[in-house]
1. Given points 7 Å out from each Cα along the Cα-Cβ axis, report the Cys187 to Ala48 separation in nanometres with one decimal.
2. Rounded to whole Å and sorted largest first, what semi-axes of the equivalent ellipsoid does the C-alpha gyration tensor of the chain yield via the square root of 5 times each eigenvalue?
3. As an exercise, take the mean of 1/r over every pair of distinct alpha carbons in segment 94-173, invert it, and state the Kirkwood radius in angstroms.
4. If each DSSP helix of 4+ residues adds -39,500 (n - 2.57) and the sum is divided by the residues in the chain, what number results at 222 nm, nearest 500 deg cm²/dmol?
5. Amide H to amide H under 5 Å from Val171: which residues, 5+ apart in sequence or cross-chain, H placed 1.01 Å off N in plane?
6. Report the percentage of all Cα-Cα pairs in segment 1-74 whose separation exceeds 16 Å, rounded to a whole percent.
7. Normalised by the residues of segment 31-183, what does the relative contact order come to in percent, with Cα pairs under 8 Å and at least six apart?
8. Enter the angle in degrees (range 0 to 90, nearest 10) between the Cα long axis of helix 279-291 and the first principal axis of the Cα atoms of the chain, meaning the one along which they spread out most.
Amino acid sequence: MSNSSSISEFLLLPLADTRQLQLLLFWLLLGIYLAALLGNGLISTAVACDQRLHTPMYFFLFNLALLDLSCISTTLPKAMANALWDTRAISYTGCATQIFFFLFFLSAEYSLLTIMSYDRYVAICKPLHYRIMMESRACATMAAAAWGAGVLHSLLHTAITFSLPLCHGNVVNQFFCEIPQILKLSCSGSYLREVVFLTFSSSLCFGCFVFIVVSYVQIFMAVLRMPSEQGRHKAFSTCLPHLAVVSLFLSTAIYANLKPPSISSPSMDLMMAFLYSVVPPTLNPLIYSMRSQEVKDAVRKVITKCVTLAVNCPSFQTHD
């Protein structure tokens, strides 16, 4: 048996059994990572540069893009490096750091999605008070609260998890460090504190979920009462991207963490973790850009400006 004081590194779950498949998965993950970087980078740049998008809804979308970019950058680069160099090792400090930042960005994103549902509720159910209730200072405070809640939640979880003695080796059955897998390595009965805190956190998450559901029930009731078909279409167009993002985020995360033990296996756990940690950050920009003409136009402007700058760059110009 070993304990945490004698562990200097953890061994992550390999993505594939053969070297050829590892290299294939490296290129696949690289493509996904670059797509996520490009999509979220374009969204955040478009919102920051286009004056028409300086509204509460797009301010929160800007924060969401930053969180998605940060979240996927916490897990995929290490997984790609391990696949490329045919290694499984991650240092003890690196594992703790990865858990802290991943949980930080994930918690902040969930808080932000809850705030975004409130923004849509105020916009549709209380349109006359929207400018007052969602003025710039209030939006900045809510966004800061989401980031701050993520830091606090992650700090407490990480500190409690890595204060536990580890008696069951250092093999983590996942392609990145996550708390449930670290708890499996802890000594029997020593993880009671973390279980209690996990229960408390789950209650808060459930509260956010109830808030989102209640907000959308009120929103859909208000939309269905609208006399104008054009008004209903516009309201649904602004809500559907957020609802799709929330559904994708919650369905993958809930299934990954609450699936029955009878269907649990290393390969299944790896696939579920991939779904909730990689798929939402990659697809969120696509979901928002497909449903919002304003975002499409702003992204198109950013791309056009980048292409123009590249063409006019001296290195692209020929010299006599």
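The values are calculated or read from the model by the stated rules, or taken from the named source; none is laboratory data. Treat the numbers as computed from the prediction; the structure is a model and nothing was measured. Virtual Cβ from ideal backbone geometry, glycine too; neighbours counted across all protein chains shown. What goes into the accessible areas is simple: the full protein's heavy atoms, side chains included, and nothing from ligands, DNA or RNA. Shrake-Rupley method; radii C 1.70, N 1.55, O 1.52, S 1.80 Å.
1. Placing both labels 7 Å along Cα→Cβ, they lie 4.8 nm apart.
2. Result for the chain: semi-axes of 37, 28, 17 Å.
3. Radius from the Kirkwood sum: 14.7 Å.
4. So the calculated ellipticity at 222 nm is -26000 deg cm²/dmol.
5. Hits under the 5 Å cutoff: Leu11.
6. 65
7. Reported as a whole number, the value is 27 percent.
8. Helix 279-291 sits roughly 10 degrees off the main axis of the chain.
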